[in-house]
Amino acid sequence: MWWPHARHHIRPLLPKECFRMNINTALPSRPSSTRRGRLGRLAVVGAAAASGVLLLAGPASAHVSVQPGTAEKGGYSTISIKVPNEKDNASTVKLELDLDPKHPLVSVMPQAVPGWDVKVEKTKLDKPVQMHGKSIDEAVTKVVWTGGKIEPGRFQQFPLSVGQLPTDADELVFKALQTYSDDDVVRWIDPSKPGGEEPEHPAPVLKLVDKAPAGGKADGADEKNGKDATTQAAASDDDGGSSDTTARVLGIVGIVVGVAGVAFGVLAGRRRTAA
C-alpha cells in the first residue's frame, strides 16, 4: 500500500552529516590520564631495573690477586698472580709486582709464561740473612712481565715460587702496577683494613698461616723444592672462569631488561602521540 504523505517524513542524510557520523564512529576513545601514567611508570621501572642489574654486574669483575690466597709460615710456596683485563677497549701489556719490603724473600723464581718476558730485580739487604748455611745479602724486590698481551675479557696467571716465607708475619702485601695498551696504569696498591670497606684498587695479599701438624700441610703450602704451578693454576682458572661468567651473565640480563624497558617506553610514547 502506498502512503502519499510518507515522503514528508523520510529524507536522505546530507554529506556533512555523513562525515560527522563517520568521524564519531571511527575514532577510538582517548586513553585516560591514569592509563598514560601507568605506561610511563612501567617504562621508568624497566630502565631502572636494567641500571640496577648492570651496577650489580660491575663489582663482579675480579681484581689483581694472589692465588691461592694462603701459604704456610716458614716454608716455600708456589703462588700465582692473577691479572684480569678489566677494560673493553684496551689490552694489558705490562705487570710490575713490588714485593713486601718489610719481609724480604731471598728466593723468588718466576715460571715461564708463553709470550711474556720476565725481569727480576734484587736489592741489597740492610742486614744479611742465613739460608741453607749461606749468608744472603740481597733479596728480590720487584718482578716485571712485559712483551705479552691480555685481551679484553681474558685473564693471565703469573706463577712464582717464593720462600722462605716469614714466621713473624700474618700476611705479605704485594703492590702491582697494571699497564694497558692505551698507556693507562692501574695501581693496585691500596691497603685493605680488616672489617672495613674494600678499597677501589686493593693490593694483592698472601695470608700466612701456622705450620700444620705432622702429617698435614697448610692450605696452599708446598714442600721446600715446590711443585709445578700447573695444578694450582688450573684450579684457580676454574674459579676465575666462574666469576667472569657470572659477570657476563649479569651484564647480558641487564642489557636485555634495558632494551625491553626502552622499547616499552617508545611504544607508550607512540600510543600517546597517536591519541
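The values are calculated or read from the model by the stated rules, or taken from the named source; none is laboratory data. Bear in mind the structure is a predicted one, so any value in this text is a computation, not a measurement. In this analysis, Cβ positions are derived from the backbone assuming ideal geometry, glycine residues included, and neighbour counts consider all displayed protein chains. The protein model used for the area step is the full one, side chains on, heavy atoms only, and it has no ligands, DNA or RNA in it. Shrake-Rupley method; radii C 1.70, N 1.55, O 1.52, S 1.80 Å.
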Placed amide H near residue 80: partners under 5 Å, 5+ positions off or other chain: 67, 160
Sequence-distant residues sharing a close amide H with residue 153 (under 5 Å, placed H): 85, 87
Residue 151 accessible area, 1.4 Å probe, all protein chains in place, Å² to nearest 10: 90
Pair residue 109, residue 138: separation of 7 Å Cα→Cβ label points (nm): 1.8
Label-point gap, in nm, between residue 183 and residue 209 - each point 7 angstrom along Cα→Cβ: 4.6
Residue-level accessible surface for residue 201, protein heavy atoms, 1.4 Å, Å²: 50
For the stretch 79-89, 3J(HN,Hα) per residue [Karplus equation, 6.51 cos²θ - 1.76 cosθ + 1.60, θ = phi - 60°, Hz, x = Gly/Pro]: 10, 9, 8, 8, 10, x, 8, 9, 10, 8, 10
For the stretch 166-174, 3J(HN,Hα) per residue [Karplus equation, 6.51 cos²θ - 1.76 cosθ + 1.60, θ = phi - 60°, Hz, x = Gly/Pro]: x, 9, 10, 9, 9, 6, 10, 9, 9
Unsatisfied cross-links (Cα-Cα over 25 Å) in the set 102/211; 82/142; 149/193; 87/193; 82/193; 73/127: 149/193; 87/193
Other-chain or far-sequence residues with amide H under 5 Å of residue 141's (modelled H): 121, 122, 123
